[in-house]
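Data first, discussion second: the structure below is written as structure tokens.
Throughout, read-outs are computed from the coordinates displayed, never taken from laboratory work. Just so it is clear, the model here is predicted, and its values are computed rather than measured. Here Cβ is always computed from backbone atoms with ideal geometry, including for glycine, and neighbour counts include all displayed protein chains.
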Amino acid sequence: MTRAHNAAWVRPLEIRHDVDTGEHHVLVEFRSVDGGWRQALVRRGQIDDPRGAKRLLADLGADIPEDWLEPLKTALQARGCDVVRSTSVMGWHEGGTFLLPDGPIGRLRTLRPMRPAPADLCTLGKVSTWRKGLRAPCAGSSYLTFAIAVGFAGCLLEPIGQEEGAVFHLFGESSTGKSLATLAAQSVIEKAGRSHLRSHDLTDRALEEEAAACNHSLLVLDETGRIEGTPARRLQRLQAIAYKLCGGQGRRRSQKAVADPTLRNVAFRIFGLSSGEEPLDGGPQKRNDGELVRLIGIPIPRREVGGIFDREMSGEQRGALARQVEEAIRVGYGVPVRRFLGKFLSDGKATSKAKAYAERFVARVVPATTPFADRFARKFAVVYAAAMLAVDFGLAPWTKKQAGLAIRMVHRRAWEIVRPPASAAEDLIATLRKQASDEARFPEVGQGEKVSSKAVGKLYGIRREISGRSVIALLRDRLDRFVPAHQAKEVEAILADRGYLLPGKEPGRRVRQLRVQGLQPARPDFLLFDAEKVLQRDPEANRDAA
């Protein structure tokens, strides 16, 4: 880069061509009233009348001499300075370059953010310190692991080919660690603190600009409780925000309007994290499928059972882990995603690995594929892929096993809220089809035979011939492992109507007691499924036959 070295109070460093608007600015360095040197971006079009540039620099603390005019005109001409491209849209650009608020990562080194963020807001500390500080908290929290993985996941939306992001909304009672999880996620990318969170109280245009500034990354929004009005009003506002963020672009404006650079059209593809006390579902207005996959509610356990620290039983230890998170993100932030992107760009197989991880996740969590279930799961699949790559790159405060268990569990909790009963029924049949041949889950136990005490813990049910028919007998008290309690009766009714679930001995009942030695009680309640029908491979054929 060429720099004009002289004794002037202001001097040019480079010319920036704004590719969004076509305008040119000059990055200048000026002497400040405290005796140091600072930088500012000034519109080059003020060469003929630089009074506006003078006012801008004065507001920024410039030490402006009486003979200010000619040095400022010379600086705005910027003869001999390098011309670099700049944009206010972050994320992936051509040439395999990812632009962050403090500069580019990748091959296109001459691309700049239009208004770079201060260095102290972008990065601090070392990845190793950040990772070490979060290792124990992540081991004790599925939700913390998930949230931090979301921090890495936004930059995979484009390479994986995921056309839309999502807003994950952590909800539950206060003091359960929801905000702590979102701040930890923010630390992946930038300085994390409540004073640095984006507010829900934004105009539509301001929200579009914030989304563009977080393109292919993460936008963390402050708690919904800060939105004024009733719970219904807060939910309505959050729904509107989610639609806009996941729509991929801001409001389209006329050619006359976009002539004003501040009203230019913007596009973005991001993940969002939000938190609040009210659930998204269960109110008077049913949410449609499009909203359910854009604004995804994730229930956080109650305080007395640990809040976000669902894997840690000790209340005293949970407090210690929370303090450890706060300290880790205070002394380290921003470096993890920059190291992640550097590793991703240097690994020629990283994109194919990410796609393979995502497909593995979907295959694991969607036993009966439907368009809605697949679309819902793919939002979590990107998060899973990011978590796995973070381990591959040596950046993650978790193991692959820990992250896999955590993200699958969070997906299941979120899916149970919105999954239609018919889809829950299909998932149960698909699971039975996969598990039926597993001797640990469904051993063949004839009449009068015994189940060993070692096998009882893993048991879901048994296989048996009853009245000449092969059945899969699922223990009724194991049903909640596959179907949430509030849907159990509906799911049973659907499966009975479709001919999968056999009737009980008593009229109107669907359970039957079977004597199985080794179980307690000796005659527990079972749900009996027609094994031949369950094991058919074409679910559509099963439905038609029913």
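Here are a few things to note about the model shown:
- Shape class of the range 122-419 from the Cα gyration tensor (axes a ≥ b ≥ c, square roots of the eigenvalues): rounded, since a/c falls below 1.5.
- Over the chain, relative contact order from alpha-carbon pairs under 8 Å, at least 6 apart, %: 13 percent
- Put in line by how crowded their Cβ is, counting other Cβ atoms within 10 Å and starting with the fewest, LEU170, LEU13 read LEU13, LEU170.
- DSSP beta bridge pairing in the range 122-419, given as percent antiparallel to the nearest 5: 10 percent
- Cα-only Debye scattering, the range 97-200: base-10 log of I(q)/I(0) at q = 0.17, 0.19, 0.20, 0.23 Å⁻¹: -0.99, -1.20, -1.28, -1.45
- Hull volume per residue, based on the alpha-carbon atoms of the range 423-545 and their convex hull, is 105 Å³.
- When peptides 153-166, 455-468, 489-502 are ranked by their average number of other Cβ atoms within 10 Å per residue, the highest-first order is 153-166, 489-502, 455-468.
- Cα-based shape type of the range 383-449, given that a ≥ b ≥ c are square roots of the gyration tensor eigenvalues and the cut on a/c is 1.5: oblate
- Among beta bridges that DSSP assigns inside the chain, antiparallel share in %, nearest 5: 60 percent
- Top positive-direction residue, dipole computed over the chain with Cβ charges, set SER187, VAL150, ALA440: ALA440
- The residues TRP92, TRP130, when put in order of fewest to most other Cβ atoms within 10 Å, stand as TRP92, TRP130.
- Note on the range 1-106: antiparallel DSSP beta bridges, both residues inside, total approximately 85 percent of the bridges counted.
- Summarising the amide proton neighbourhood of VAL167: residues at separation of 5 or more, or on other chains, whose placed amide H is nearer than 5 Å comprise GLY272, LEU295, ILE296.
- Evaluated at q = 0.14, 0.23, 0.30 Å⁻¹, the base-10 log of the normalised Debye intensity for the range 429-485, with identical point scatterers placed on the Cα atoms, takes the values -0.38, -0.97, -1.37.
- Quarter of the Cα convex hull surface for the range 1-95, i.e. its orientation-mean projected area (nm²): 7.0 nm²
- Sorted by Cβ neighbour density within 10 Å, fewest at the top, the residues MET90, MET114: MET114, MET90
- Dipole magnitude for the range 423-545: computed about the Cα centre from +1 point charges on Lys and Arg Cβ and -1 point charges on Asp and Glu Cβ, it is near 480 debye.
- Rg over Rh, two decimals, the chain (C-alpha only, Kirkwood Rh): 1.09
- Close amide-amide hydrogen proximity is noted between SER32 and TRP37, ARG38, ASP63, each under 5 Å apart and 5 or more residues distant or on a separate chain (H modeled in the peptide plane; Pro and chain starts excluded).
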